[in-house]
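The values are calculated or read from the model by the stated rules, or taken from the named source; none is laboratory data. Model, not experiment: these values are computed from the prediction. Cβ placement follows ideal geometry from the backbone for every residue including glycine, while neighbour counts extend to all protein chains displayed. For accessibility, only protein heavy atoms count, side chains too; no ligands or nucleic acids. Shrake-Rupley method; radii C 1.70, N 1.55, O 1.52, S 1.80 Å.
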Amino acid sequence: MSLVDLLLKEMNEMEKTKKQHMDIIKALLTELESEFNITKKFLSLVPTNQFDWAPHARSMKMKALASHIAELPEWIELAFQTDGLDFATAPYEEKSVTSQEDLLHILETSYAKGKAALENANEGVLGKQWILRNGDQVLGDMNKYEMIRIAFSQTIHHRAQLGVYLRLLDIPIPGSYGPSADDQSF
């Protein structure tokens, strides 16, 4: 095989790899938009007069849960802009929320940041290490792609918790990935 053939082969492999990564970014953007739209439906139902309610003493208050859900898309930006998060030096601070509009504003701002981070992403960094820690305790040692997946998983997990809260308060649950018992539209 000639040097030219080897170079052409390597260039083709690089283009294939680049296309695969771009497909991953495109898929993440599609998923982010879908999760945003579903989450917005749920957060639109959170009653402000129940912000301090929780179904159990060890459960999060509804406001804390809802505000956490609203900020999760921003973790995508965090994954791209940092190599980790240390709660010992950057403790979690709940965002100020006094209304449903505040929740939706946080969600929309967080979504815009996550979307922009993905749109401007250098796909080559997806495999780079990202560490979640609390001081010396490593809570998660993963790559940036895995951290982004965790942001999606956390959104789905906590949104399901919120669905239980809403159900216990007899608030009709919207469909997520299909109809719900309360919302037959699809």
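About the Cα centre, and with charges only on the beta carbon of Lys, Arg (+1) and Asp, Glu (-1), how big is the dipole of the chain? Nearest 20 debye, please.
260 debye
Among all lysine pairs in region 50-186 that are eight or more places apart or on different chains, how many have alpha carbons less than 24 angstrom apart?
10
Working from Cα positions, state the angle (0 to 90°, nearest 10) between the long axis of helix 62-71 and the longest principal axis of the chain.
Rounded to the nearest ten degrees, it is 20.
Using a 10 Å cut-off on Cβ atoms, rank the peptides 132-139, 30-37, 61-68 from the highest mean neighbour count down.
61-68, 30-37, 132-139
Nearest 10 degrees is fine. How inclined is helix 100-119 to the longest principal axis of the chain, computing both from alpha carbons?
10 degrees
With a cut-off of at most 13 other beta carbons within 10 Å, and DSSP calling the residue loop, which chymotrypsin sites (Phe, Trp or Tyr not before Pro) in region 57-96 qualify? Please list them.
For chymotrypsin sites (Phe, Trp or Tyr not before Pro) across region 57-96 that sit outside H, G, I, E and B with at most 13 neighbouring Cβ atoms in 10 Å, the list reads Phe87, Tyr92.
What shape does region 131-183 have by the C-alpha gyration tensor, where a ≥ b ≥ c are the square roots of the eigenvalues, rounded means a/c under 1.5, and otherwise prolate means a/b greater than b/c and oblate the rest?
oblate
Compute the accessible area per residue over the chain, keeping the other protein chains in place, probe 1.4 Å, unit Å².
Ligands and nucleic acids excluded, the result is 59 Å² per residue.
When the Karplus curve 6.51 cos²θ - 1.76 cosθ + 1.60 is applied with θ = phi - 60°, which whole-Hz ³J(HN,Hα) does each residue of region 124-134 get, with x for Gly and Pro?
Here the 3J(HN,Hα) series is x, 8, 4, x, 6, 5, 9, 10, 9, 8, 10 Hz.
Which GluC sites (Glu not before Pro) in region 39-133 sit in a loop by DSSP (not H, G, I, E or B) and have at most 12 other Cβ atoms within 10 Å of their own Cβ?
In loop regions of region 39-133 (DSSP not H, G, I, E or B), the sparsely surrounded GluC sites (Glu not before Pro) are Glu93, Glu94.
Treating the angle as unsigned and between 0 and 90°, give the value, to the nearest 10°, between the Cα long axis of helix 144-168 and the longest Cα principal axis of the chain.
Orientation of helix 144-168: about 20 degrees from the principal axis.
I need the per residue convex hull volume for the chain, using only the alpha carbons, in cubic angstrom as a whole number.
In the chain, the Cα convex hull volume per residue is 144 Å³.
At 1.4 Å probe size, with the rest of the protein present, what percent of the exposed accessible area of the chain is carbon and sulfur atoms?
54 percent
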